[in-house]
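To start, the structure under review is shown below, and the notes come after it.
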Amino acid sequence: MKIPFSKYESSREAHSNVSDALDGEDINQVTELESEFASYVGADYALATSHGTSALHLAMLALDLKRGDKVVCSVNAYPNVPEVVRHFDAEPVFIDIDADTYNINLDKLEAYLEENKSKKLKAVIITHLGGATVDLERVYKMAKIYDVKIVEDACEALGATYKGGKIGSTGADIVCFNFSTHLKKNICNGGMLTTNDDEIIERARLLANHAVVRDEDSLEYIYDIVDIGNDYSLSELNAAYIRSIIVDQDESISRQQTIAQAYSDALDGVDHVSIPTMDNEENPFSLYIIKIDKNRDSFALELKEAGIGTGLHYIPLHLLSYYKAKYSLRVNDFPVALRAYQQVLSLPIYANMSDSDVKSVIDKIKKIAKTRV
């Protein structure tokens with residue numbers, strides 16, 4: 001029996017939408033997706049992109065990031081976060097994490113902002129790991145005090161909420177989503193940028209299509225270029241498929257929360273295994289992250305041999321060769337992230353997992369844990 005780390009499920013609505021696109025129906029799938037997504041998260045504006053990384057890169061363009069600017073982010077993020085910053089020859093600044101949530105440590109973030117007031121400090125990227133949010137009200141207050149923009153990396157937070165409001169509309173300058181995330185690849189690629197800022201969305205829309213402008217009263221093939229942009233466009237086929245994901249997302253989250261509770265109930269107290277905190281009802285549990293107190297990799301290998309897929313979220317950025325060399329970072333510079341990295345392991349969790357799949361994962365973990373000394 002094989003239980004992969006993730007598995008997509010194609011709904012009837014997805015097939016219907018894709019068929020409409022293939023049949024040339026008079027439906028602009030991208031426009032429909034943007035409208036439906038904005039309504040779903042409660043944002044004023046939504047702009048579809050070819051991938052989540054494209055959304056992040058476009059966010060940096062929209063904020064007019066320049067050479068030498070600084071952008072603060074968690075050291076425990078996927079490499080696309082600092083990568084989009086470096087593409088502008090700007091500098092990512094890494095902050096250590098909270099030991100329980102693995103998200104950016106807000107005390108350390110605030111201390112950095114207080115000690116490094118500068119016009120070059122442009123933005124803070126907040127990653128919601130597994131959909132679990134930080135204290136966003138505190139983050140937004142910091143943004144006003146220290147005059148920085150807030151970009152939320154919500155690649156694992158589709159449908160997640162903060163104090164009743166969906167991520168994408170709670171107060172950030174820009175929020176970026178990804179419909180095919182690291183280790184949870186979907187059959188399609190796509191991203192989304194949301195904002196409530198008129199100027200940001202106007203600039204983002206312009207730069208998302210090579211900064212092309214046209215005179216509506218002129219011929220379509222007459223155009224001008226007014227800035228340096230790129231092509232971030234999402235295909236009609238991908239948009240058609242993604243539209244069905246939005247429809248099913250709340251139901252999917254409910255199922256993931258049920259699976260997470262089943263994991264926690266069964267694994268609480270198992271030797272060598274630590275479970276995540278379960279006190280956040282707003283956590284969509286896009287990831288279910290446990291800790292293995294010793295030999296995490298051998299534990300994961302035994303699960304793999306038993307047919308259970310696992311993931312790692314993430315390798316801290318300061319351990320990766322490029323950033324380690326570029327910024328002369330040492331292994332112990334971020335001790336909390338380092339310790340977490342040595343122990344964390346993400347278990348399979350997705351809406352179409354059966355109860356028997358969940359039980360199988362639990363049984364295999366318990367069996368392996370018993371062999372540990």
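Rule-based calculations on the coordinates, nothing more; no lab input. Given the structure is predicted, the values throughout are model-derived calculations rather than measurements. Reconstructed Cβ throughout: ideal geometry from the backbone, glycine too, with neighbour counts over all protein chains shown.
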Handout entry: Diffusion coefficient, µm² s⁻¹, Stokes-Einstein with Kirkwood Rh over alpha-carbon pairs of segment 285-346 at 37 °C and 0.692 mPa s
Key = 256
Completion exercise
For segment 12-242, the Kirkwood Rh over every pair of distinct alpha carbons, in Å, works out to 18.3
Exercise for the section: Give the total of Lys-Lys pairs in segment 249-370 with Cα-Cα distances below 23 Å; include a pair only if its members are 8 or more places apart or on different chains. Expected result: 18
Exercise for the section: Sticking to Cα atoms, compute the Rg of segment 249-370 to one decimal and its Dmax as the biggest Cα-Cα distance, whole number, in Å. Expected result: 15.8, 48
Exercise for the section: Towards the positive end of the charge dipole of the chain, with charges on Cβ (+1 Lys, Arg; -1 Asp, Glu), say which of 90, 365, 22 has the farthest Cα. Expected result: 365
Exercise for the section: For the chain, with a Gaussian network of springs between Cα atoms less than 10 Å apart, report the residue from 20, 135, 96 with the top mean-square fluctuation. Expected result: 135
Problem - Mean ellipticity per residue at 222 nm, deg cm²/dmol - from DSSP H runs of n ≥ 4 across the chain, formula -39500 (n - 2.57) - result: -12000 deg cm²/dmol
Exercise for the section: Find, to one decimal place in angstroms, the Kirkwood hydrodynamic radius of segment 329-373, where the mean of 1/r is taken over every pair of different Cα atoms and then inverted. Expected result: 13.2
Practice task
Could you give the size of the charge dipole of segment 12-242 about its Cα centre, using +1 on the Cβ of each K and R and -1 on the Cβ of each D and E, expressed in debye and rounded to the nearest 20?
Solution key: 1020
Exercise for the section: Determine the principal axes of the Cα atoms in segment 83-167, then give the extent along each, sorted from largest to smallest and rounded to whole angstroms. Expected result: 34, 27, 24
Exercise for the section: Mind checking which lysines have their Cα closer than 16 Å to the Cα of residue 149? Skip sequence neighbours fewer than 8 apart in that chain. Expected result: 66, 70, 117, 119, 120, 122, 141
Handout entry: Contact order normalised by residue count of segment 12-242, Cα under 8 Å, 6+ apart, percent
Key = 27
